[in-house]
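Notes for the one structure printed next.
The values are calculated or read from the model by the stated rules, or taken from the named source; none is laboratory data. All figures in this text were calculated on a predicted structure; none of them were measured in a lab. Every residue, glycine among them, receives a Cβ derived from its backbone with ideal geometry; neighbour counts consider all protein chains shown.
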Amino acid sequence: MKALVPIANGCEEMEAVIIIDTLRRAQWEVTAAGLDADPVEAAHGTKLVPDTTWDQVDPADFDILLTPGGFGGTMALASHEGVLQAIREFDAAGKWIASICASPLVLHAAGILEGKRFACYPGVEKELPPDVQPVDETVVVDGHLVTSQGPGTAFEFALTVIEQCSGPDAANAVRKGLLL
């Protein structure tokens, strides 16, 4: 599997790193793409160095697009037309999309969240219209969409993504290696 993880200043570092690392442990090809060429300063001051920049990738080359949360990073992704267009194209093609914490707001900005079952960080629902509201579950799978609540659910989120895309044996092997 080829996974694309856009990251921006203010992203939740635990989510970004856990997603990237866990998927790589499943032998996936994971590309972390920054919105520009600078290192990303995550929500709690950790500096992350993306593999490349968004403008250097073709999202169509990937099987899944995953967005980490963190309010600042979420707002940056939600206002980036390239990221939004990629999400719309993934959705239209039935390709996997995964989003955690505040980043379902990016999915909403792309116009694909309405009518979906999803999870997000508690309180984020206040940023959404009354007819687009999350369910209170740790990880939610709805069709080709996987969502989760936040930093403490990042491992379960990433393992669910692996299970959905590569099967339970792959997810269980990674889970065992992580001692989860």
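Side notes on the structure shown:
- Qualifying positions in the stretch 1-35 - assigned to a loop (DSSP other than H, G, I, E, B), within 19 Å of Phe71 (Cβ to Cβ) and either modelled with pLDDT under 95 or not hydrophobic (A, V, I, L, M, F, W, C) (or both): Asn9, Gly10, Glu12
- When the criteria are applied in full, Ala26 fails the requirement of being touching a Phe, Trp or Tyr at 6+ places or on another chain (Cβ under 6 Å) and surrounded by 20 or more Cβ atoms within 10 Å (Cβ to Cβ).
- Scan of the stretch 36-71 for residues that are crowded, with 17+ Cβ neighbours inside 10 Å and in a helix (DSSP H, G or I), ordered by number: Trp54, Pro59, Phe71
- Residue within the stretch 131-150 that is under 20 Å from Met14 (Cα atoms), touching a residue at least 60 places away in the same chain (Cβ under 8 Å), crowded, with 21+ Cβ neighbours inside 10 Å and under 13 Å from the mean Cα position of the chain (by Cα) present: yes
Table: residues versus (1) touching a helix residue (DSSP H, G or I) at 6+ places or on another chain (Cβ under 6 Å); (2) under 21 Å from Ala109 (Cβ atoms).
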site	(1), (2)
Lys2	no, no
Pro6	yes, yes
Ile18	yes, no
Thr31	no, no
Thr52	no, no
Asp61	no, no
Leu65	yes, yes
Gly70	no, yes
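- Some residue of the stretch 151-159 being of a type outside the set (S, T, N, Q), free of Cβ contacts under 8 Å to residues at least 12 places away in the same chain and surrounded by fewer than 21 Cβ atoms within 10 Å (Cβ to Cβ): yes
- Matching option when the condition is of a type in the set (S, T, N, Q) and either in contact with a strand residue (DSSP E or B) (Cβ under 6 Å, 6 or more places away or on another chain) or closer than 20 Å to Ser166 by Cα (or both), among Ser99, Ser79: Ser99
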